[in-house]
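Notes to accompany the following structure.
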Amino acid sequence: MFVNAPMMIHNLSVMGGKKEYRYNLSGNFVDQKGVIINSGYKKFQVRGAFSHKVNKWLDYDVNMSYMEDQTYGQTSSAQLSENNSYTTHLMYRVWGYKPILSENVDEEDLFDDDITVGVANTVMNPYVSNMNEQVFRKKSRILLNGKVEFKLCEGLKLTVKGGYDRLVVRREEFYNSKTYKGYSSAYNNKDVNGLFNEQNKSSWLSENTLSYKKKFGKAHTLDLLAGFTLQGTKSDLFAFTDIKVPNEDLGISGMDDGLPETTTVTLSRNTLMSAIARANYQLLGRYLFTFSLRADGSSKFTRGHRWGVFPSGAFAWRMGQEPWMKAAGFIDDAKLRISYGVTGNNRIDDFAAYGSLVMGDHYAMDNNVKEAIVPSNLGNDELTWESTSQIDIGYDIHFFGSRLNATIDLYRKITDNLLLNANVPYSSGYSNVYKNVGKVMNDGLELTLNTVNIRTK
């Protein structure tokens with residue numbers, strides 16, 4: 001069952017450029033055979049980055065990455081059946097069949113002649129089963145990111161960013177009559193069978209911001225930012241399994257002649273739009289003020305409840321820069337911090353707020369079971385953003401050449417309108433429904449002391 005497994009790794013990278021532009025290209029290839037027969041792993045990856053300063057008003061960056069990895073074969077820890085589950089692991093089956101093969105034993109024998117067939121498939125030849133299994137998994141991902149900066153005038157800059165991410169996961173399995181999962185027995189009524197599963201997930205992002213930074217004299221510094229972002233996620237799942245495939249010699253391509261067992265198609269989408277603003281102000285380099293505001297609209301909620309507004313603000317006083325603090329001598333730096341902010345959470349299923357229907361066998365008529373379309377999810381039109389607000393008061397101080405540092409933080413965090421898939425009475429016809437319920441508060445005091453006791457050569 002075990003073999004010597006060679007491994008190859010190849011890497012190639014090229015980089016260069018001039019003052020105005022830079023580029024970096026790299027590639028990687030891995031081919032690793034598995035120590036278990038008929039198994040292994042392959043990986044291919046390529047990356048590229050390019051940045052170009054066109055002139056003093058315009059520059060851009062582009063990044064790209066593509067990755068593909070493949071695995072095939074079984075692992076020793078894979079559980080192949082829910083029946084007698086502990087006996088379905090590969091290494092158990094190795095000992096359950098014949099721990100030692102003598103010279104006069106045919107490695108192609110499916111079963112041990114000394115054990116009665118029919119109790120379970122634990123006595124099936126694991127070597128033959130593994131060599132006849134077609135188990136293939138492939139994952140590919142592409143990442144694209146770009147940024148363009150326009151310096152419209154002194155201190156004023158427009159930044160446009162974009163990104164795209166796509167992941168494809170594909171899984172193929174086929175078990176013929178010489179495999180543990182394809183041999184017809186009391187524990188397997190599927191006979192020769194196979195499955196195909198492909199999942200696609202993609203996301204995109206567009207971010208556009210306008211920033212302005214200006215220093216007024218020696219005392220005042222102002223930094224402003226405003227912008228909006230758009231982003232979306234799409235996921236698709238296509239899967240089917242076939243049983244009792246009549247022509248096993250065709251492998252997975254013969255599945256269309258089998259009997260369909262399960263078919264799954266799932267499509268899901270969500271989008272988010274955000275408006276953002278931030279202002280930073282410094283006075284004399286010692287008094288720091290910041291304020292930010294963002295408004296988010298999510299497609300996961302119904303009309304009238306999609307938008308949430310989340311402000312935040314902070315003040316910091318660098319007391320260590322005050323002349324009277326410097327006069328103390330033994331104090332190197334000190335800072336007082338006060339902040340308050342609200343964040344939002346919309347992490348629920350894409351269509352959790354909407355009611356849904358399902359088709360299936362639900363009632364009898366004319367001595368037959370009839371299909372019906374019935375509600376499966378109640379939905380909640382009032383569902384909206386969960387919000388978390390937090391206030392923090394902190395103080396940092398450094399003594400004796402920063403050999404004694406202390407920090408104290410006092411905080412309180414309150415989460416309101418929690419998104420909960422709450423239980424509801426079964427008399428309603430449903431078991432759960434998403435609600436905005438409850439409030440959770442956490443507060444505490446954090447103390448940190450850091451000392452440097454010895455500093456010598």
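Check Val433 against each of (1) part of a strand (DSSP E or B); (2) touching a Leu at 6+ places or on another chain (Cβ under 8 Å); (3) in contact (Cβ under 8 Å) with a residue 40 or more places away in the chain; (4) more than 25 Å from Trp307 (Cα to Cα) and name the one condition it does not meet.
Tallying (1) part of a strand (DSSP E or B); (2) touching a Leu at 6+ places or on another chain (Cβ under 8 Å); (3) in contact (Cβ under 8 Å) with a residue 40 or more places away in the chain; (4) more than 25 Å from Trp307 (Cα to Cα), Val433 fails exactly one: (4).
State the number of residues belonging to segment 214-231 that are farther than 26 Å from Gly297 by Cα and in contact with a Phe, Trp or Tyr (Cβ under 6 Å, 6 or more places away or on another chain).
Residues flagged as farther than 26 Å from Gly297 by Cα and in contact with a Phe, Trp or Tyr (Cβ under 6 Å, 6 or more places away or on another chain) within segment 214-231 amount to 1.
Please state which one of Arg337, Arg294, Arg303 is in a strand (DSSP E or B), open to solvent by 80 Å² or more (accessible area, probe 1.4 Å) and not acidic (Asp, Glu).
On inspection, the qualifying residue turns out to be Arg294.
Mind listing just one residue for me: the one in segment 17-48 that is open to solvent by less than 60 Å² (accessible area, probe 1.4 Å) and among the β-branched types (Val, Ile, Thr) and, of those, nearest to Lys138 (Cα to Cα)?
Val30
Looking only at segment 307-326, decide whether some residue is of a type in the set (Ser, Thr, Tyr), at negative phi, assigned to a strand (DSSP E or B) and at pLDDT below 95.
There is no residue in segment 307-326 that is of a type in the set (Ser, Thr, Tyr), at negative phi, assigned to a strand (DSSP E or B) and at pLDDT below 95.
Considering only residues that are more than 30 Å from Ser312 (Cβ to Cβ) and in a strand (DSSP E or B), which ones fall in segment 366-397? First the steps, then the outcome.
Our first condition is that a residue be more than 30 Å from Ser312 (Cβ to Cβ); within segment 366-397, this holds for 366-379.
If the condition is that a residue be more than 30 Å from Ser312 (Cβ to Cβ) and in a strand (DSSP E or B), then Asn368, Val369, Lys370, Glu371, Ala372, Ile373, Val374, Pro375, Ser376, Asn377 are the ones that fit.
Here are some conditions: (1) in contact with an Asp or Glu (Cβ under 7 Å, 6 or more places away or on another chain); (2) among the charged types (D, E, K, R); (3) closer than 23 Å to Asn346 by Cβ. Asp392 meets all but one. Which one does it not meet?
(3)
Of all the residues that make up segment 185-215, how many are open to solvent by less than 60 Å² (accessible area, probe 1.4 Å) and either under 26 Å from the mean Cα position of the chain (by Cα) or not acidic (Asp, Glu) (or both)?
17
Quick check on my filter: what residues within segment 216-262 are surrounded by 15 or more Cβ atoms within 10 Å (Cβ to Cβ), part of a strand (DSSP E or B) and among the acidic types (Asp, Glu)?
Asp223, Asp236, Asp242
With respect to the numbered conditions (1) at pLDDT 70 or above; (2) out of contact with any strand residue (DSSP E or B) (no Cβ under 6 Å at 6 or more places or on another chain); (3) more than 30 Å from Ser140 (Cα to Cα), which one is the sole condition not fulfilled by Thr75?
(3) is the only condition that Thr75 fails.
Please pick out the residue among Gln45, Gln32 that is within 30 Å of Gly96 (Cβ to Cβ) and at pLDDT 95 or above. Please lay out each step first, then the result.
Values: Gln45 fails: within 30 Å of Gly96 (Cβ to Cβ).
Gln32 is the lone residue from the list that is within 30 Å of Gly96 (Cβ to Cβ) and at pLDDT 95 or above.
Of the conditions (1) more than 24 Å from Ala78 (Cβ to Cβ); (2) at pLDDT below 95, Tyr180 satisfies every one except a single condition; which number is it?
Of (1) more than 24 Å from Ala78 (Cβ to Cβ); (2) at pLDDT below 95, only one is false for Tyr180: (1).
The conditions are (1) modelled with pLDDT of 85 or more; (2) open to solvent by less than 40 Å² (accessible area, probe 1.4 Å); (3) in a strand (DSSP E or B), and Gly360 fails exactly one of them. Which is it?
(1)
Any idea how many residues of segment 393-443 are closer than 30 Å to Ile454 by Cα and basic (Lys, Arg)?
1
Among the residues of segment 340-357, write down those that are open to solvent by less than 50 Å² (accessible area, probe 1.4 Å) and touching a residue at least 24 places away in the same chain (Cβ under 8 Å).
Within segment 340-357, the first condition is being open to solvent by less than 50 Å² (accessible area, probe 1.4 Å), and the residues that meet it are 341-342, 344-346, 348, 350, 352-353, 356.
Within segment 340-357, Gly341, Val342, Gly344, Asn345, Asn346, Ile348, Asp350, Ala352, Ala353 meet the criteria.
Exactly one condition in (1) at pLDDT 95 or above; (2) open to solvent by 60 Å² or more (accessible area, probe 1.4 Å) is not met by Val54; state its number.
(1)
I'm trying to understand the selection: among the residues of segment 379-402, which are surrounded by 16 or more Cβ atoms within 10 Å (Cβ to Cβ) and either closer than 17 Å to Lys300 by Cβ or acidic (Asp, Glu) (or both)?
Within segment 379-402, Gly379, Asn380, Leu383, Thr384, Trp385, Glu386, Ser387, Asp392, Asp396 meet the criteria.
The values are calculated or read from the model by the stated rules, or taken from the named source; none is laboratory data. This one's a predicted model, so the numbers in the text were calculated from it and none came from an experiment. Glycine gets a Cβ as well: all are built from the backbone with ideal geometry, and neighbour counts include every protein chain shown. For accessibility, only protein heavy atoms count, side chains too; no ligands or nucleic acids. Shrake-Rupley method; radii C 1.70, N 1.55, O 1.52, S 1.80 Å.
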